[in-house]
1. Find the relative contact order for segment 2-184 and round it to a whole percent, using C-alpha pairs within less than 8 Å whose residues are 6+ positions apart.
2. Using θ = phi - 60° and the Karplus relation 6.51 cos²θ - 1.76 cosθ + 1.60, list the HN-Hα couplings for segment 159-174 in order, rounded to whole Hz, with x at every Gly or Pro.
3. Tell me, what ³J(HN,Hα) does each residue in segment 112-127 have, in order and in whole Hz, if you take phi through Karplus 6.51 cos²θ - 1.76 cosθ + 1.60 with θ = phi - 60° and put x for Gly and Pro?
4. Under a plain spin-label model, where a point goes 7 Å from the Cα along Cα-to-Cβ, how far apart in nm are Q151 and A128?
5. Rolling a 1.4 angstrom probe over the protein heavy atoms, how many square angstrom per residue are accessible across segment 2-184?
6. What whole-number distance in Å separates the alpha-carbon centres of segment 1-65 and segment 124-194?
7. What is the mean projected area of the alpha carbon convex hull for segment 2-184, to one decimal in square nanometres?
8. Please list the non-local residues whose amide H lies under 5 Å from the amide H of Y86, H modeled 1.01 Å from N, same-chain partners needing a gap of 5 or more.
Amino acid sequence: MRIVLLGAPGSGKGTQAALLEKHLGLPHISTGVLLRHAVAEQTPIGQQAKAIIDRGELVPDDVMLDLIEERLAQADTQQGFLLDGYPRNLAQAESLDALLERLGRPVDEAIQIDVDPEQVIARIEQRAAQEGRSDDTEEVLRHRMRIYQEQTAPVVDYYARKGLLTRVLGEGSVEEVLQLILSVLSMDERGAAP
Ligand code: AMP
């Protein structure tokens, strides 16, 4: 199954993707993790991306497409994957569709995790204390939330129009939200079964 996970910064999609990876046996592909790795390794992409990430802005679409195309060429994605943090705007959603169509592996399911913005701020503050991410300061977070509203929120409608979107409420415990997502996926799998 090829799944796109959507949600605002702090919605818990990274946490859920990591759990779903174990439950479903599918690779969790987080573009944020790929980029932070590239920054730590000081690769050319990492050097280009660092200042952009630290400002809370989006890394250019062509760079992201190269990164995701390279990742999807790896053998572990043949059985499916969980995308977390990509696509982040409409241009990326369209590029991803074109790429996956070329590969004959279209998106099966998009899941939007909805959370109240107040909860998001509290979760990010907690994550900042635990992980020490350089882009988890209050000012950068505010900027990332604005970019999410302007650029990423339309991606939710994009998948809704394609009939691929399910929304889940992300406000319960981690385990409750996981069970909600698993039940959505198993219902769809049953629906798709011959
Ligand atoms: P995340 O871990 O998904 O919150 O991503 C952290 C940062 O990496 C974002 O604020 C962006 O600067 C960058 N980033 C991650 N994914 C993308 C993407 N699909 N397009 C552009 N920039 C991205």
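1. Relative contact order of segment 2-184: 34 percent.
2. Calculated HN-Hα couplings, in order: 6, 4, 4, 7, x, 9, 8, 10, 9, 10, 7, x, 9, x, 5, 3 Hz.
3. 9, 9, 8, 9, 5, x, 4, 5, 4, 4, 4, 5, 5, 4, 5, 5
4. 2.1 nm
5. Details: 9180 Å² over 183 residues.
Each residue of segment 2-184 exposes 50 Å² on average to a 1.4 Å probe.
6. If we compute the Cα centre of each part, the gap is 13 Å.
7. Working: hull surface 39.4 nm².
The orientation-averaged projected area of the Cα hull of segment 2-184 comes to 9.9 nm².
8. Distant-sequence amide H within range of Y86: T31.
The values are calculated or read from the model by the stated rules, or taken from the named source; none is laboratory data. These numbers were taken from a predicted model, which means no experiment stands behind them. Methodologically, a virtual Cβ is constructed for each residue, glycine included, from the backbone with ideal geometry; neighbour enumeration extends over all protein chains shown. Just the protein is used for accessible areas: all its heavy atoms, side chains included, with ligands, DNA and RNA removed. Shrake-Rupley method; radii C 1.70, N 1.55, O 1.52, S 1.80 Å.
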